[in-house]
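Please read the structure below before turning to the comments.
The values are calculated or read from the model by the stated rules, or taken from the named source; none is laboratory data. These figures come from a predicted structure and were not determined experimentally. Using ideal geometry, Cβ is built from the backbone for each residue, glycine included, and neighbour counts are taken over all protein chains shown. Heavy atoms of the whole protein, side chains included, go into the accessibility calculation; ligands, DNA and RNA do not. Shrake-Rupley method; radii C 1.70, N 1.55, O 1.52, S 1.80 Å.
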Amino acid sequence: MDNKKDKHSEISGTAFGIQKIEIDLNSFDGDPDLDHLPILPTRNLVLFPGMTVTFELGRESAKYLAKHANENKMAIGVVCQLDPNEDNPAVTTGLYKYGVIADVLSVIDNNETPSMALVRSRGKFRILGAAKDSEMWLTARVKPVQDIDNVKDNVEFNMVSEEIHRLINDDLSELIPAPLLPMLKQNNDPVDFINYCCTNFPIDQKDKVNLLSKNKIADRAKGLLAELVVMNERQKITRQVMAKTKKAMDENQRNAFLHQQMESIRETLYGNSDDEIDELLNAGELAMMPDSVWTLFQKEIEKLRRFNPSSPDYSVLYSYLDTLVHIPWVKSTPLNTDFDEARRILENDHYGLEKVKERILEQLAVIMHNPGGKAPIICLVGAPGVGKTSIGKSVARALGRVYERVSFGGLHDEAEIRGHRRTYIGAMPGRIIDAMKRAGVVNPVLVLDELDKIGNDYKGDPAAALLEVLDPEQNCHFHDNYIDVDYDLSKVLFIATANTLSTIARPLLDRMEIIEISGYLIEEKAEIARRHLLPRICDELNLVPEQLKISDAALLDVIRNYTSESGVRALEKKLAKIGRRAVMALMTGSEFPSPVESADLYNLLGLAPHIPDRYESNEYAGVVTGLAWTEVGGEILMAESSLSQSKTPALTLTGKLGDVMKESATIAYQWVKSNADRLGINPELFDRYNLHIHFPEGAIPKDGPSAGITIATSIVSTFTQRRVAERVAMTGEITLRGKVLPVGGIREKILAAKRAGIDTIILSSQNRRDIDDMPAPYLEGMTFKYVDTADQVIELAVTDIPVASPKAL
C-alpha cells in the first residue's frame with residue numbers, strides 16, 4: 001500500500017494557534033464519514049484537539065492522502081501507530097485506539113525539501129474497527145468522543161493550571177524547546193493550553209494517548225501535571241547524582257565516566273572490540289596459567305571491556321594481558337637424553353677447549369640423569385672471540401632446548417632486569433621475561449652475555465637485581481614489576497659470559513661457577529679457520545670451497561700479521577674480506593689466486609696493521625721483558641730504565657701507568673735500595689742519579705702488580721750496567737721484603753711469550769699449579785723458572801756480562 005521510507009519521518013512539528021493561520025478555515029467544516037474515515041498514521045506524533053501542526057510526509061500513501069484531502073476539503077483521522085518502525089500498520093493491531101479528526105490545510109511538496117503537511121485537528125474519536133481500505137490509504141470505523149469542558153470556575157483546575165505554569169517557567173524550562181515558550185505565554189485559553197502542552201511536551205507516546213483518552217479537560221490537566229511532576233523529579237535526581245559525582249570524581253574518574261557515556265559513540269565509530277577481547281580470553285585459557293595468575297587475568301579482562309579502544313588505558317592494559325598470554329607457563333621442549341650425541345655436537349662445534357668441554361659435558365650428564373634437579377649457573381670467562389657465546393648455542397643444541405641470548409653490555413637501569421611498573425608511559429617487561437616470551441618455553445638455555453659490562457647509577461644496580469635471577473633458591477619466584485606476578489625460572493639453564501671477573505660484583509660471583517676459557521695457540525686458530533670459519537664464510541658468500549683456497553703459510557701469516565687477539569673474531573673478518581675479494585673477482589671475470597699465498601696478502605688485505613711481538617735483544621742495560629694480561633689476551637711488556645745525574649735524585653715513571661703499577665715500581669725501587677750492597681750496587685749512586693723507568697706504547701693504559709719483578713730486574717740491570725739473560729720474560733708481584741707473589745692470566749701470558757719468540761719464563765713458585773693444569777701444546781718449547789724471592793729472580797735474569805757500552809757511574 002505504501003513504500004518503505006525513513007523510519008524517523010513524520011515527526012511532530014510546532015503547533016500554532018488557529019487564529020494565526022491565513023487560510024479560509026470555514027471551507028474545511030465538512031462532516032467526516034465516520035464509517036469510512038481515511039486514516040493517516042503517524043510514527044510518533046499524538047495530536048490533540050484544536051491544534052495546528054506541520055509534520056513530514058514520509059510515506060507515499062500518506063502524501064497521496066494528504067493531497068487528496070486538501071484538494072477535496074475532506075476530513076481525515078490522524079492516529080499514532082504502536083510501533084514507530086512499522087511501515088504498514090494495520091488499523092486494529094498497529095494503531096492506538098484514540099486519534100483526532102483533522103483537516104489538511106496545505107501540502108508543501110517540492111524536490112528540494114521533504115513533503116510537509118499543515119494539519120488542524122478538530123475533535124477526537126475512538127476507533128471501533130477497520131473499514132474496507134481503499135487502494136491508497138487506511139480507513140476505519142470511528143466514534144466521535146466529545147471532550148467535557150469542566151474547567152470554568154473549577155478551583156481545582158485553576159490550581160492545577162497554575163502549578164503547570166510554575167513548573168514550565170521555573171523547573172522545566174531547560175527541557176522545553178525554546179520556540180514553544182513564547183506560544184505558551186500567549187495562549188490564554190485554558191483548554192487550548194492543556195492540549196498544546198500535551199501535544200508538544202517530551203512525553204512518551206503511550207502516556208500521551210492515555211491523556212488523549214481522558215474526556216474531562218480537568219482530568220487531562222491532572223494527568224499532564226502528574227507527567228510533569230515525574231519529569232521534574234527525574235531532572236532533580238539527575239542533577240543530584242551529577243553534583244555528587246562531580247564532587248567525588250578526580251580527573252581519572254571523570255575520564256572513565258566520559259568513556260562510559262561515549263560507549264555508544266565508540267561502537268558506532270570503531271565497532272565492537274569484544275571480538276579481540278574474546279580472542280585474548282581464549283588464548284589465556286590455552287596458556288594454562290597458575291590459578292592466581294588466571295584469576296588476575298580474568299579480572300583485568302573485565303576491566304578491559306569497559307575501556308574505549310581508542311584510549312591509552314586500553315592499549316596499556318591490552319599489551320599487559322597480551323604479554324601474560326605469550327609468556328610460557330607450562331610449555332617445554334623435551335630433553336635430549338643421548339649423551340653421545342651431545343658430546344658429538346660439542347666436539348664438532350668447537351675445536352680445542354678440552355677442559356671447558358669436559359666441564360660442560362659433566363653438567364649435561366647431570367641434567368640428563370636428573371632433569372628435575374637444579375642446574376648451577378655457569379659463567380664462561382675469557383677474551384673476546386674465544387667462543388663463549390657459541391658454547392651457549394652448542395649447549396642448547398646438545399640438550400635439544402631453545403636458545404636465547406640476553407645482552408647486558410652497557411646496562412645501567414635496574415628496570416631493564418625487573419621491568420617497569422605499568423604506571424609509567426612506555427612500560428615493558430624486563431629483559432629476562434622478554435627473553436622467555438621470545439623462547440616460548442619454560443626450559444630454554446639463556447645466555448647472559450657481557451655480564452661484566454653492567455654498570456650502575458641513580459636508576460639502581462642491575463647486578464643486585466640479577467641476584468634473584470641467578471640464585472636457584474630464589475628464581476622459582478622471580479618477580480617482574482611489569483607482569484606483577486611471580487614467575488618460575490628454575491627450569492631455565494643460565495650461562496653467563498664475561499671478559500673479566502674484576503668488574504663483577506662479589507655476591508654475583510658467589511652464585512656462579514666460573515669456567516675460564518683461555519686464548520688459542522696459532523696452530524689452534526689455523527685449525528679453527530679450516531674447520532669452521534672458512535666453511536661459514538663460503539656459505540655466507542655463496543662460494544664453493546674450491547673458490548676460496550688459502551695455503552697454510554698464508555693462513556699463518558694472516559694470523560700473525562693481520563690479527564692480534566686471543567680469539568678468532570678479527571681472523572674471521574680478515575678471511576671474510578679475502579672472500580669478498582674472491583666474489584668481486586668472480587663477478588668481474590678477473591683473476592683470483594687459488595690458493596692464496598703469503599705474497600698475495602698485501603694486494604688482498606693491504607699493509608699488515610700488526611707487527612708481531614718480538615723479543616728485543618739484551619744489548620742495553622735496564623731493558624727487561626715482562627708479561628701482561630689484557631681483556632683481549634696476553635701481551636709482552638717491555639720495561640726500560642736509565643740514569644741521569646741530579647742534585648735532587650728522584651724516581652720518574654712514564655708510560656701511562658695506573659696507581660697499582662706505580663706502587664709496584666716504588667716498592668721495587670725501595671727493595672733495590674735496601675739490598676744495594678748484596679746486589680753489588682754502590683749505595684751512593686741513589687743520591688747522585690735520577691732513575692727514569694719507562695714502559696713503551698705510552699698511549700695504552702697499564703696497571704696491575706704483575707710487573708713488580710720486571711721493574712726490580714730493570715733497576716738492578718741499570719745500576720750494575722749488566723745484561724739481562726737472553727729470551728727471558730717474567731711476571732710476578734714483589735713485596736718490600738723481596739717476596740715474589742703469584743699473579744693471574746698465566747695461560748694468556750704464555751701465549752704472548754710464544755708469539756714473541758721467548759723460551760724462558762720466570763714466575764712465582766705458587767703459579768706452578770697453573771702450569772701443571774695447562775695442556776701440553778701450550779708448554780711445548782717453553783722453560784719455566786719458579787722463584788720465591790726477588791734475589792732468585794736477579795740471579796736467574798741478570799748476568800755477569802756487562803753491556804757493550806757501559807755507563808760510567
Loop sites only, by DSSP: take the GluC sites (Glu not before Pro) in the chain that have at most 15 other C-beta atoms within 10 Å and name the longest stretch containing none of them.
175-472
Select from Ser594, Ile578, Ile550 the residue farthest towards the positive end of the dipole of the range 493-598; place +1 on Cβ of Lys and Arg, -1 on Cβ of Asp and Glu, and compute about the Cα centre.
Ile578
How do Trp629, Trp294 rank by accessible surface area computed with a 1.4 Å probe, from largest to smallest?
Trp629, Trp294
How high is the relative contact order of the chain, in percent, counting Cα pairs under 8 Å that sit 6 or more residues apart?
7
Along the positive direction of the dipole of the chain (beta-carbon charges: Lys, Arg +1; Asp, Glu -1; about the Cα centre), which of Gln298, Ile801, Ala776 reaches farthest?
Ile801
Taking θ = phi - 60°, what integer Hz values does the Karplus form 6.51 cos²θ - 1.76 cosθ + 1.60 yield along the range 671-683, in sequence order, with x for Gly and Pro?
5, 5, 4, 5, 10, 4, 4, 5, 8, x, 10, 6, x
Whichever aspartates and glutamates have a C-alpha closer than 12 Å to that of Lys331, once near sequence neighbours (fewer than 8 apart) are set aside:
none
Would you work out the charge dipole size for the chain about its Cα centre, treating the Cβ of every Lys and Arg as +1 and the Cβ of every Asp and Glu as -1, and quote it to the nearest 20 debye?
880
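Which of the pairs Lys749/Lys785; Lys374/Lys437; Lys208/Lys246; Lys525/Lys754; Lys185/Lys208 have their Cα atoms more than 25 Å apart in this structure? Walk me through the intermediate numbers first.
Values: Lys749/Lys785 15 Å; Lys374/Lys437 22 Å; Lys208/Lys246 35 Å; Lys525/Lys754 14 Å; Lys185/Lys208 22 Å.
Among Lys749/Lys785; Lys374/Lys437; Lys208/Lys246; Lys525/Lys754; Lys185/Lys208, the Cα-Cα distance tops 25 Å for Lys208/Lys246.
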Using a probe radius of 1.4 Å on heavy atoms only, what accessible surface per residue do you get for the chain? Whole Å² is fine.
49
Taking loop as defined by DSSP and a crowding limit of 16 other beta carbons within 10 Å, which trypsin sites (Lys or Arg not before Pro) in the range 450-523 fit?
Lys459
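What FRET efficiency, computed as 1/(1 + (r/R0)^6) with R0 = 45 Å and r the Cβ-Cβ distance, is obtained for Thr799 and Ala576, rounded to the nearest 0.05?
The computed FRET efficiency comes out at 0.40.
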Compute the long axis of helix 274-286 from its Cα atoms, compare it with the longest principal axis of the Cα atoms of the chain, and write down the angle in degrees, 0 to 90, nearest 10.
40
Assign unit charges at the C-beta atoms only (+1 for Lys and Arg, -1 for Asp and Glu), then state the dipole size of the range 37-178 relative to its Cα centre in Debye, rounded to the nearest 20.
760
Rounded to the nearest 10 Å², the accessible area of Lys577 at probe 1.4 Å:
70
Take the solvent-accessible surface of the protein heavy atoms, probe 1.4 Å, and return the percent of it on the chain that carbon and sulfur atoms account for.
50
Fraction in percent of alpha-carbon pairs per bin - 10 Å, the chain
2, 10, 12, 12, 11, 9, 7, 6, 6, 7, 7, 6, 4, 2, 1, 0
The range 490-603 - Debye-derived log10 I(q)/I(0), Cα point model, q = 0.19 Å⁻¹:
-0.96
Once the convex hull of the alpha carbons of the range 389-466 is built, what does its volume come to per residue, in cubic angstrom?
94
Normalised per residue, the volume inside the convex hull of the alpha-carbon atoms of the range 724-809 in Å³ amounts to 109
Shape of the range 415-515, Cα gyration tensor, a/c cut at 1.5
oblate
Residue among Asn169, Asn336, Ala621 farthest towards the positive dipole end of the chain, charges placed on Cβ:
Ala621
Per-bin percent of Cα-Cα distances, the range 627-705 [10 Å]
17, 45, 28, 9, 1
